[in-house]
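Have a look at the structure below, then the notes.
Please treat every number below as a calculation from the coordinates, not as lab data. Since the model is a prediction, treat every value here as computed from it, not as a measurement. Neighbour counts run over all protein chains shown; Cβ positions are idealised from the backbone, glycine included.
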Amino acid sequence: MAIGINAQTTLLDEDFSSITTGNNTSTGGSSTQWNGNDSFPVVVRAYQAGGAVKIGASGNPGSITSKSLDLSTDEGEFTLSFDVKGWTNVEGQIKVSVTGQEDVTKTYTATISDNFETITIDYTGGQADSQITIATTAKRAFIDNIKVITKGSNPDPTPSITADPTSFDFGQIVVDESSTASDIAVTGENLADAPTYSVTGTDAADFAVTGTLTTDGGTLSVIFTPSSAGAKSAELMITSGSASATVALSGTGKEETPAGSYSETFETQTALTGSYANGSFAGEAEGVTVNYVDARNEDTFGITGKGMIFKTNTGSSEFVIPNGVGTFTFEYRKAYSGGSNNRSLTLWVNGEQVAVTPTFGEAGTDTTVHSFSYDVNTTGSVSVKIANAGAQVTIDNVLWTGYEAAAPVLDADATSLDFAQVEVTTTSEAKTVTITGENLTEVPTYVISGTDAADFSAEGTLTTDGGTLNITFAPTTTGAKSAVLTITSGDLTKTVDLTGEAVEEGTLAVNNVITKVSLVKNTSVDNEIIFAQDAKVSLVNMNGQVVKTAQVSANQTLNVAALPKGVYVVTAVVNGKAVSQKIIKK
């Protein structure tokens, strides 16, 4: 005997595609009133939400009521289905009222940033001339794809695919590095063919999906490998015949933190919520603690992934860093839309305010991201606090370098000293070497070494800033003499070559003012030296430097007005003998 099969009858199918104003993904996208249509002529607090309708407002519930429907068809058995999601959080339940039926209240979990979830209710005893009212029990919810379908007799099972989760954010991943794999559970019902899957969207190449599905479903594994810095998104599409499911994929590519640097991106913390609060959590860098006051999560005002919003005037975040800080940098932007150029942040180091950002925040919604850096340059345990000095602000991508002490420097103002000729058993005039030290951790020491080290001596006291050494030459035997003065601080070394010539006593002495041959007539000089001999003469200062030479004749003068005051030695060879004579320049 043949069995009769009655097809299902669609009594109502409303997808709100005629609503093109607004959106259902942001808090500011559904403020335009909706006055209903042929399917739902009676509305209370209903608003256009871009292909969906929002019912309810911030302080009151809302509802939509259908046109008259004959629900007695197919012996009064019918199914009502609709898609729903809440505001930034779920603010209540959905109550469904049908003429002649008991009211039904349904719960849901999807919020404004999620995909819609579907609610299905089966009824019996449907009546002619019935109306269906869908209402919120408190405040706001988005509604879409309302269908009323009769059961019919022996209907074909409807194929379906579900995916869990319906969205996944990988957070921040370093460019060209891969995330850990995340699993998507896929369930198939009444499918004729095993589902296929693909990734679509601008950044599809950054998401890799693997796995095998059957008509019952299976597990897909997703890996995120950002090819460049910035926010990335794509959509995983799973299909089998007329059934399909989508999974929204997102993540953020970030540049690799430079060697010697540390960061806090807030991606790993779970302490911040949608309400302002005080608390603390372990930072991403080892040993770092983040303490916060009057702070919350980034809401819809993030910079890259997770972030932290400061409450007006009182919000702050303190980073307790154990091993010193070099340069401290962070990013910030305006949160919410109030005010214009009424935001700024202060920076504190170890309880002392050290800097203030420029004011920022254009009127209305301003997504401009600013960056601020400060050279902390402090060793040991350091507290760095960012504090709000205006309206709400989002901070993110905090970066700092480790403390590095400035490089030590050891220097000397001479690389060599020549004492010229000095008689044996006499001591030369002292020559000075100025030592300069910067960022030294050890006081410099000095020593004279070499074959003739005993003929040279050094005196002076040095500190980590340097000092002056007085070097003298006191030869005991004739001949050319040499040694090396070495100054050392830690791993740093400077050397000064020391040289001189020792001559027989009475031959030449810098300190000897009596010679057998009178070379000059005036040993106390104002501006001119008067010579007593014909000779080629040299003027030598007390540092052994030749400062002037000239060929002179007896009774000739040599102008020395340009020379500084002091003691000089005039040397020459007269009648084949080296002679010298000390003069005083006044």
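Taking segment 71-174, which GluC sites (Glu not before Pro) meet the DSSP loop condition and have no more than 15 other C-beta atoms within 10 Å?
Working: sites: Glu75, Glu77, Glu91, Glu102, Glu117; in loops: Glu77, Glu91, Glu102.
Sites meeting the loop and neighbour criteria: Glu102.
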Report task. Work out, in µm²/s and without decimals, the Stokes-Einstein translational diffusion coefficient of segment 446-586 at 20 °C, 1.002 mPa s, Rh from Kirkwood over C-alpha pairs. Result -> 125 µm²/s
Requested in this report: Take Tyr403, Tyr47 and order them by how many other Cβ atoms sit within 10 Å, fewest up front.
Outcome: Tyr403, Tyr47
Report summary line: The farthest towards the positive end of the charge dipole of the chain, of the residues Thr445, Ala363, Ser275, given +1 on Cβ of Lys and Arg and -1 on Cβ of Asp and Glu, is Thr445
Query raised in the report: What per residue convex hull volume, in Å³, do the alpha-carbon atoms of the chain yield?
Result: 235 Å³
Query - Residue-span extension gain [Ser416 to Ala138] - 0.36 nm each, minus C-alpha spacing - result: 91.0 nm
Requested in this report: Take every Cα-Cα distance within segment 98-182, group them into 5 Å bins from 0 onward, and report for each bin the whole-number percent of pairs it holds.
Outcome: 2, 8, 15, 17, 14, 14, 9, 6, 5, 4, 3, 2, 0
Requested in this report: Multiply the residue gap between Gln551 and Thr445 by 0.36 nm, knock off their C-alpha separation, and tell me the result in nm, one decimal place.
Outcome: 33.6 nm
Query raised in the report: Which values of log₁₀ I(q)/I(0), to two decimal places, follow from the Debye formula for segment 337-481 at q = 0.16, 0.17, 0.18 Å⁻¹ with a uniform point scatterer at every Cα?
Result: -0.93, -0.99, -1.05
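Rank these for me by crowding, Trp348, Trp34, Trp87, going from fewest to most other beta carbons within 10 Å.
Working: Trp348 16, Trp34 22, Trp87 19.
By the 10 Å Cβ count, ascending: Trp348, Trp87, Trp34.
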Report summary line: Quick numbers on segment 10-150, Rg and Dmax over C-alpha atoms in Å, give 14.2, 45
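Taking 0.36 nm per intervening residue step and subtracting the Cα-Cα distance, what contour gain separates Thr270 from Thr327 on full extension?
On the way: separation 57, 0.36 × 57 = 20.52 nm, distance 2.70 nm.
Taking 0.36 nm per residue and subtracting the Cα distance, the gain is 17.8 nm.
Could you list, in their original order, any pairs among Lys95/Lys311; Lys54/Lys232; Lys106/Lys232; Lys95/Lys232; Lys106/Lys151; Lys431/Lys536 whose Cα atoms are separated by more than 30 Å?
Values: Lys95/Lys311 36 Å; Lys54/Lys232 28 Å; Lys106/Lys232 35 Å; Lys95/Lys232 38 Å; Lys106/Lys151 21 Å; Lys431/Lys536 26 Å.
Lys95/Lys311; Lys106/Lys232; Lys95/Lys232, as the Cα separations exceed 30 Å there.
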Query - Cα lying deepest toward the dipole's positive end in the chain, options Phe456, Val186, Ala49, charges on Cβ - result: Phe456
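Among residues other than Tyr262 whose Cβ falls under 10 Å from its Cβ, what is the net charge (Lys/Arg +1, Asp/Glu -1)?
Values: positive: none; negative: Glu264, Glu284, Glu286.
It works out to a net charge of -3.
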Report summary line: Computed from every Cα-Cα pair in segment 524-585, P(r) in 10 Å bins starting at 0 and rounded to whole percents is 22, 61, 16, 0
**Report entry** Span from the segment 299-365 Cα centroid across to the segment 65-128 one, whole angstrom
**Finding:** 45 Å
**Report entry** Near-label residues of segment 518-540 by backbone N, under 13 Å of a point 7 Å along Cα→Cβ of Lys577
**Finding:** 518-519
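As a footprinting exposure proxy, order Met237, Met308 by other Cβ within 10 Å, with the fewest listed first.
Placing the least packed residue first, the sequence is Met237, Met308.
Semi-axes of the equivalent ellipsoid of segment 351-405: what are they in whole Å, largest first, if each equals the square root of 5 times a C-alpha gyration tensor eigenvalue?
Calculated on Cα positions only, the semi-axes equal 27, 13, 9 Å.
Suppose every Lys and Arg Cβ carries +1 and every Asp and Glu Cβ carries -1, with no other charges. What dipole size does the chain come out with about its Cα centre, to the nearest 20 debye? Kindly include the intermediate steps, with their values, before the conclusion.
On the way: 31 positive and 65 negative charges, 580 e Å.
Value, rounded to 20: 2780 debye.
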Query raised in the report: Taking N as the number of residues in segment 160-254, what value does Rg over Cα atoms divided by 2.2 N^0.38 Å take?
Result: 1.08
Query raised in the report: Is any residue of segment 18-52 close enough, with backbone N under 18 Å, to a label point placed 7 angstrom from the Cα of Thr200 along the Cα-Cβ axis, and if so, which?
Result: none
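Given the Cα atoms of segment 246-352, and with Rh set as the inverse mean 1/r over their pairs in the Kirkwood sense, what is Rg to Rh to two decimals?
Numbers: Rg = 14.9 Å, Rh = 15.5 Å.
Looking at segment 246-352, the ratio lands at 0.96.
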Report task. Jot down the radius of gyration and Dmax of segment 409-503, Cα atoms only, both in angstrom. Result -> 13.6, 44
Query raised in the report: Taking the Cβ-Cβ separation of Thr214 and Ser182 as r and a Förster radius of 22 Å, what is the calculated FRET efficiency to the nearest 0.05?
Result: 0.60
